[in-house]
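The values are calculated or read from the model by the stated rules, or taken from the named source; none is laboratory data. For clarity, every value in this text was computed on a predicted model and none was experimentally measured. Quick reminder, even Gly has a Cβ in these numbers, built from the backbone with ideal geometry, and neighbours come from all protein chains shown.
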Amino acid sequence: MFKLTDDRSKKGTPLAKVVMQTLSDLMNTDDKLVFLEADLAGASSSTIIQKDHPERFIQMGIAEANMIGTAAGLSVEGFKPFVHTFGPFATRRVYDQLYLSGAYAHNTINVYGSDPGFDAGPNGGTHTTWEDVALMRAMPTAVICDAADAVQLEWIVKEFASMKGIHYFRANRKDVRNVYAPGSTFQLGKGNVLTKGDDVLIITAGQIVSDALDAAEKLAAEGISAEVIDMFTIKPLDAELILKEAKGKKAIVSFENHSIIGGLGSAVAEVLAENAVGIPFKRHGANDVFGQVGTQDWLQKEFKLTADDLVATVKGLLK
């Protein structure tokens, strides 16, 4: 069961460090876990694994497609590989290898795509991925998670380490605001209702879950009751929860650090359309654009992915 944090203003451990420390700890008892890095050990904190388990740390260099092929070979030999690189290189650049050598061949590869969306920051448009979820949603059998905070991310890594198949998780490398209390647990494929509301349903995922909660509080101050769902598992999607919580609402909004094309918003739209849910719906995310250079905070505002932007969308849809 999960519990919300008492102080959402605080930030947790940097998410990359959470991934690497969790994997290093798991390696103490699971000798089949291996980690492959694409020349980003310093940036991703995977030096933790390199130091603690050097025999199971493989530095692949800037050769991401080869990294996926190597991971597939390790899977064939009974190992459970985790791989890391920035989001666009973990999905777009290696898609054919991941699709064929991974999913089609029924291998196990756990992929950490870091710094999605506006998290690319000063690395700019070449390192920005607004399309990683869309790509991975199209891959048969793939599982996709977008972690809200450090607590949820640790749980996701542990869960994926015990599963077979292709698993993709996206998360910032840096620290983000806490959403969940330490010790919270989750259920893969099930969304979490964080706040109840009568007027609007907000379905979100990733680090902007905290911004959605901020928006719900701002809306409440204006007399608008908002319900927030953390849909941290984007595939498989919790369609049952969406349909249940949509009942009686005046509007539904998806909110994501991703393109509105092919991501969480598209997945929600498919559920609503196929079930003829006659409620106004709006996808809120990046709108058919490329990335830019800037700080993460500036980029979040530039691409209109703040709590205030979400409030404006909700109010506009209700009108």
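Can you pull out every residue in region 23-42 that is in a helix (DSSP H, G or I) and more than 17 Å from Phe169 (Cα to Cα)? Ser24, Asp25, Leu26, Met27, Ala41, Gly42 - these are the residues of region 23-42 that are in a helix (DSSP H, G or I) and more than 17 Å from Phe169 (Cα to Cα). Do we have any residue at all in region 111-118 that's among the aromatic types (Phe, Trp, Tyr) and touching a Leu at 6+ places or on another chain (Cβ under 7 Å)? Looking for residues that are among the aromatic types (Phe, Trp, Tyr) and touching a Leu at 6+ places or on another chain (Cβ under 7 Å), one finds at least one in region 111-118, hence yes.
Applying the selection to region 272-305, what residues are under 26 Å from Leu243 (Cα atoms) and assigned to a loop (DSSP other than H, G, I, E, B)? Working first, answer last.
Residues of region 272-305 that are under 26 Å from Leu243 (Cα atoms), as a first pass: 272-287, 305.
Within region 272-305, Asn275, Ala276, Val277, Gly278, Ile279, Pro280, Asn287, Leu305 qualify.
Please specify each residue of region 128-143 satisfying the condition of being in a loop (DSSP other than H, G, I, E, B) and of a type outside the set (Asp, Glu).
Taking region 128-143 first, the residues in a loop (DSSP other than H, G, I, E, B) are 128-131, 138-142.
Of everything in region 128-143, those that are in a loop (DSSP other than H, G, I, E, B) and of a type outside the set (Asp, Glu) turn out to be Thr128, Thr129, Trp130, Ala138, Met139, Pro140, Thr141, Ala142.
Candidates are the residues of region 69-105 that are without any contact (Cβ under 8 Å) to a residue 40 or more places away in the chain and not in a helix (DSSP H, G or I); the one that is surrounded by the most Cβ atoms within 10 Å (Cβ to Cβ) is Val94.
If you filter region 161-187 down to residues that are crowded, with 16+ Cβ neighbours inside 10 Å and among the hydroxyl-bearing types (Ser, Thr, Tyr), you find that the one that is nearest to Asp7 (Cα to Cα) is Tyr180.
Can you find even one residue in region 237-257 that is small (Gly, Ala, Ser), outside the structural domain of Thr128 (by TED's automatic domain parsing), within 30 Å of Lys10 (Cα to Cα) and at pLDDT 95 or above? Even if it seems obvious, please write down each step before you answer.
Within region 237-257, the subset small (Gly, Ala, Ser) is 239, 246, 248, 251, 254.
Cutting the leftovers down to outside the structural domain of Thr128 (by TED's automatic domain parsing) gives us 239, 246, 248, 251, 254.
Checking which are within 30 Å of Lys10 (Cα to Cα) leaves us with 254.
Then drop every residue that is not at pLDDT 95 or above, which leaves 254.
Scanning region 237-257, I find at least one residue that is small (Gly, Ala, Ser), outside the structural domain of Thr128 (by TED's automatic domain parsing), within 30 Å of Lys10 (Cα to Cα) and at pLDDT 95 or above, so the answer is yes.
If only one of Glu270, Glu302 is assigned by TED's automatic domain parsing to the domain that holds Asp211, within 23 Å of Cys145 (Cβ to Cβ), surrounded by fewer than 17 Cβ atoms within 10 Å (Cβ to Cβ) and under 22 Å from the mean Cα position of the chain (by Cα), which one is it?
Values: Glu302 fails: within 23 Å of Cys145 (Cβ to Cβ).
Only one candidate passes the filter, namely Glu270.
Within region 50-65, being in contact (Cβ under 8 Å) with a residue 12 or more places away in the chain, assigned to a helix (DSSP H, G or I) and either under 25 Å from Ser101 (Cα atoms) or not assigned by TED's automatic domain parsing to the domain that holds Asn28 (or both) holds for Arg56, Glu64, Ala65. Total residues in region 153-167 satisfying the condition of being touching a residue at least 60 places away in the same chain (Cβ under 8 Å) and in contact with a Ser or Thr (Cβ under 7 Å, 6 or more places away or on another chain): the figure is 5.
Residues of region 218-245 that are over 21 Å from the mean Cα position of the chain (by Cα), exposed (fewer than 15 other Cβ atoms within 10 Å of the Cβ) and acidic (Asp, Glu): Glu222 alone. Criterion first (among the polar types (S, T, N, Q), outside the structural domain of Ile156 (by TED's automatic domain parsing) and touching a residue at least 24 places away in the same chain (Cβ under 8 Å)) does Ser9 satisfy it? In short, yes. Of the candidates Thr108, Thr129, Thr85, the single residue that is assigned by TED's automatic domain parsing to the domain that holds Arg56, under 26 Å from Glu270 (Cβ atoms), touching a Gly at 6+ places or on another chain (Cβ under 9 Å) and of a type in the set (S, T, N, Q) is Thr129. Considering only residues that are of a type in the set (A, V, I, L, M, F, W, C) and either touching a strand residue (DSSP E or B) at 6+ places or on another chain (Cβ under 6 Å) or within 20 Å of Ser210 (Cα to Cα) (or both), which ones fall in region 128-148? Residues satisfying the conditions are Trp130, Val133, Met136, Ala142, Val143, Ile144, Cys145, Ala147, Ala148.
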